[in-house]
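I have placed the structure first, in the form of structure tokens, so that the comments after it can refer back to it.
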Amino acid sequence: MDDVLDAILETLIPASADGNMPSAGSLGIAGDVRRELAAFAALLESGVAAAEEAGFDSQSADERANCLRGFEATQPGFVPTVYMTLCTLYYRHPQVLVGLGLPARPPFPEGYPLEGGDLTVFEAVVARGPIFRAG
Amino acid sequence: MAEDVADVVIIGAGAAGAAVAWSLAETRMRIVCLEQGGWMAPTDYPSNRPDWEMQGLGPFGFSPNTRQRREDYPVNDDDSPIKISNFNAVGGSTILYAAHFPRLHPSDFRVKSLDGVADDWPLDYAGLEPFYDMNAKMMGVAGLAGDPAYPPKEPTLPHVPLGKLGDTLAQGFDRLGWHVWPSDSAIATAEHAGRAPCVNLGPCVTGCAQGAKGSTDVTYWPVAVREGVELRTHCRVREITVGADGLADGVVYVDAEGNEQRQRAEMVIVACNGVGTPRLLLNSASSQFPDGLANRSGLVGKNLMFHPYALVTGWFPERLEGYKGPAGCSLISQEFYETDPAREFVRGYSFEMLRGDGPVRTALQGLAGKVPWGAEHHAAFSTRFDKNAGMVIICEDLPEEHNTVTLDPALKDADGIPAPKITYRLSDNSLKMLDHAVARGKEVLEAAGAVETDALSPLPPAGWHLMGTARMGTDSARSVVDAHGQSHDVRNLFIVDGSIFVTSGGVNPTNTIQALALYIADHIKRNLTTLFD
């Protein structure tokens, strides 16, 4: 079943054309999706079963996309629910972060270097004089 | 055995409770502070974790109703377009605040005299200024001297770095000839009083793992505890009790084990802010005070002020590195802060610039058609990720008696104590101000180079600033406490938090809350022998 779910994930977020961003189906996160959607297990499994029944694993990318579009009527809520959850998992995956040009780590402890900024822009603000009213 | 009597009981260990405890500690009085939350562990903050963005939408979210920690109390805010945001812990809401740290303007204390609305405060900017300065040192305020929106003031630390995002937005203001300035921020941009310097983690609003943000658990409290203040955590005060002489004689609270306890005291100081304070006073009704403690004016819980917020976002053609740096602190503009008779509203507002979103939030915010699934996903995502910048607009909210905190007839916290109910309407003045501000916000973002803008007004989850529900004043019929935070009705009861604000100004209130707490503590120290006369 995870093969079918991986194929669904890949259809929702395929690899980017330039190859910098991996497909969601290649990241091995189908189990995480199931865990995150434990409260919606019936919805998830119903959709996966319907995809399998439709021959999802032998379809082309376009056919798979059309199949999922058809789910709007036959499996209401399946695609938006899986897509939203997938976004929360995909965009914290180390491979994805690297693809975005970010370090593959949480913010702490390293943080980020940041430039102080161009303070010359404030010279004109000072030149216009005080803007507060006396109390 | 004689009953334990403290000299002072402080209720609440947040922004104000910490400041007043620290200030009073030098008297060597026996001071006990009761806090319904506990100490936070920096290792628990989301920026330690790969799922840090999601944590801010759940266990570290702003709403006590969605967090549902035992330390939180529920708030019925169904009858308000603005929802309550707070946090209950040592440090209070400073744990989650952005640490944007502006002062009120001199004119904010003279609203009635200058603009003919609301009321003047019973003190002025000059009177509070020394305590703003004192607070800046204790909290570690970063900024840039010379801001022409204020009388001269000296920041303690170098300003928060602006980065490419800040530079881009500043240029937009410059092109329009509008005021903009690096924000005063309670963030240690250099090592300060044992706090490590900021490393630009980004999500300050889910707690600072670095300890650089000035939350009071890392500023005032370590010093106050070292000076002898006893801080009892996981202790939720149910009511303040009053003796036959009409003075407060202590509090009843529920301890960490769920047992009811009593702490007697010679003086009670309430620091629970604009919702918690009226809730406690109303829960402390007695035969002597049937309408709630210290409520002979009938104004406890009335005149609730938020700051009506709007969020204006722009998308730019280039990446802005907006995921770096304090999320809520870079620049402030007060171009439209002071009243202008040519406008359709009185008073004014601030723009405060925001950094950009991380990748998860970018994707989630694009779910409504902007970042579709399928073959177009990456192309759409790349037009949005790290290309957004924007601002929140903080409008002054004028006091209106129909905006209230009352006790909900059914809702209770985990200890069975009645919970607060919020009733609030946005005024016509606020709505006109929001419209004006959103239009100007879009204008400046476009001047900065934004190719697309969007706005959310009013911003529902923006009830961070809770003010006015136990207002200060010289007339006991028109106010709850006097010019020194002392109850008109109960002379050994003081209030030191946002509830005593007379008006709200158009800036974040924490700096003023703490300056007021220090000012009141100073008055207490100077007048100890005659305080209750």
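The values are calculated or read from the model by the stated rules, or taken from the named source; none is laboratory data. Keep in mind the model is a prediction, meaning the values are calculated, not measured. Here the Cβ positions follow ideal geometry from the backbone for every residue, glycine too, while neighbour counts run over all protein chains shown. Areas reflect the complete protein model, heavy atoms only, side chains present, ligands, DNA and RNA absent. Shrake-Rupley method; radii C 1.70, N 1.55, O 1.52, S 1.80 Å.
Observations
- Here, segment B:35-190 yields an orientationally averaged convex hull projection of 13.1 nm² when only Cα atoms define the hull.
- The charge dipole of segment A:2-106, taken about its Cα centre with unit charges on the Cβ of Lys, Arg, Asp and Glu (plus for the first two, minus for the last two), comes to roughly 500 debye.
- Summed over the residues of segment A:19-135 and divided among them, the accessible surface reaches 50 Å² per residue at a probe radius of 1.4 Å.
- Under 5 Å from the amide H of residue B:121 lie the amide H atoms of B:110, B:111, each residue being 5 or more positions distant or on a separate chain, with H modelled from the backbone and absent for Pro and chain starts.
- For segment B:332-379, the list of trypsin sites (Lys or Arg not before Pro) that fall in a loop by DSSP and count at most 13 other C-beta atoms within 10 angstrom reads B:343.
- Segment B:65-112 and segment B:174-215 have Cα centres spaced 19 Å apart.
- Residue with peak Gaussian network fluctuation, chain A [Cα springs, cutoff 10 Å], from A:80, A:14, A:109: A:109
- Taking the three principal axes of the alpha carbon atoms in segment B:1-62, the coordinate ranges are 52, 27, 19 Å, sorted in descending order.
- For chain B, the mean residue ellipticity at 222 nm estimated from helices alone is -6500 deg cm²/dmol, where every DSSP H run of n ≥ 4 contributes -39500 (n - 2.57) and the total is divided by all residues, rounded to the nearest 500.
- Environment charge of residue B:150, counting only residues whose C-beta is closer than 13 Å and scoring Lys/Arg +1, Asp/Glu -1: -4
- Environment charge at residue B:112 (Cβ cut-off 9 Å; Lys +1, Arg +1, Asp -1, Glu -1): -2
- Among B:178-188, B:151-161, sorting by the average number of other beta carbon atoms lying within 10 angstrom of each residue, highest first, gives B:178-188, B:151-161.
- Evaluated with a Cβ-only charge set (Lys, Arg +1; Asp, Glu -1), chain B carries a dipole of roughly 680 debye about its Cα centre, given to the nearest 20.
- Of the residues B:42, B:68, B:125, the one whose Cα sits farthest toward the positive end of the charge dipole of segment B:1-140, with +1 on the Cβ of Lys and Arg and -1 on the Cβ of Asp and Glu, is B:42.
- Computed from point charges on the beta carbon alone (+1 for Lys and Arg, -1 for Asp and Glu), the dipole magnitude for segment B:471-533 about its Cα centre is near 60 Debye.
- Of the GluC sites (Glu not before Pro) found in segment B:245-339, those in coil by DSSP whose Cβ has at most 13 other Cβ atoms within 10 Å are B:257, B:318.
- The Cα center of segment B:294-314 and the Cα center of segment A:11-35 differ in position by 46 Å.
- Taking every Cα-Cα distance in segment B:104-192 and sorting them into 10 Å bins from zero, the calculated P(r) comes out as 16, 35, 32, 17, 1 percent.
- 5 angstrom amide H check on residue B:407, placed H, neighbours 5+ away: B:421
- Normalised by 2.2 N^0.38 Å, where N is the number of residues, the C-alpha radius of gyration of segment A:2-106 stands at 1.06.
- Rg/Rh, computed from the Cα trace of segment B:228-381 with Rh as the Kirkwood radius, has the value 1.18.
- As a length-normalised measure over Cα pairs under 8 Å and 6 or more apart, the relative contact order of segment B:1-150 settles at 18 percent.
- When peptides B:197-204, B:439-446 are ranked by their average number of other Cβ atoms within 10 Å per residue, the highest-first order is B:197-204, B:439-446.
- Long-range tail of P(r) for segment B:75-117 (Cα pairs > 14 Å, %): 69 percent
- Inter-probe distance in nm under a simple model that places probes 7 Å from Cα toward Cβ, at residue B:78 and residue B:245: 4.6 nm
- For segment B:199-207, 3J(HN,Hα) computed residue by residue from phi via the Karplus equation (6.51, -1.76, 1.60; θ = phi - 60°) reads 10, 6, 4, x, x, 4, 7, 10, x Hz, glycine and proline entered as x.
- Relative to the longest principal axis of the Cα atoms of chain B, the long axis of helix B:428-447 lies at roughly 40 degrees.
- Only protein heavy atoms count here, probed at 1.4 Å, and on that basis chains A and B bury about 4600 Å² of accessible area in total.
- Listed cross-link partners B:302/B:421; B:83/B:421; B:302/B:525; B:83/B:302 are compared with a 19 Å cut-off, the Cα-Cα value being larger for B:302/B:525.
- Between residue B:412 and B:419, the built amide H atoms are under 5 Å apart, and every one of these is 5 or more places off in sequence or on another chain.
- Angle in degrees between helix B:125-139 and the longest Cα principal axis of chain B, rounded to the nearest 10: 80 degrees
- Cα centroid separation - segment B:320-397 against segment B:476-508, whole Å: 34 Å
- Sequence-distant lysines (8 or more away, or on other chains) whose Cα lies within less than 30 Å of residue B:164: B:137, B:153, B:213, B:324, B:370, B:387, B:442
- A Stokes-Einstein calculation at 10 °C with viscosity 1.306 mPa s, built on the Kirkwood radius of chain B over Cα pairs, returns a diffusion coefficient of 68 µm²/s.
- Couplings 3J(HN,Hα) for segment B:281-292, derived from phi with the Karplus relation 6.51 cos²θ - 1.76 cosθ + 1.60 (θ = phi - 60°), are 5, 5, 6, 9, 4, 8, 5, 6, 10, x, 9, x Hz, where x marks Gly and Pro.
- For chain A, built as a Gaussian network whose Cα springs stay under 10 Å, the top-fluctuating residue of A:39, A:104, A:65: A:39
- Per residue, the convex hull spanned by the Cα atoms of the protein assembly as shown measures out at 156 cubic angstrom.
- Rounded to the nearest whole Hz, the Karplus-based 3J(HN,Hα) values (6.51 cos²θ - 1.76 cosθ + 1.60, θ = phi - 60°) of segment A:118-135 follow the sequence 8, 7, 5, 5, 7, 4, 5, 5, 5, 5, 6, x, x, 10, 9, 8, 5, x, with x at glycine and proline.
- For chain A, the longest principal axis of the alpha carbon atoms and the long axis of helix A:2-12 meet at an angle near 50°.
- Accessible surface, per residue, of segment B:173-301 when the full set of protein chains is kept, probe 1.4 Å, Å²: 33 Å²
- Principal axis dimensions, segment B:27-116 - Cα atoms, whole angstrom, descending: 51, 45, 27
- Candidates A:130, A:14, A:102 compared by Cα position along the dipole of chain A: farthest toward the positive end lies A:130, with charges placed on Cβ.
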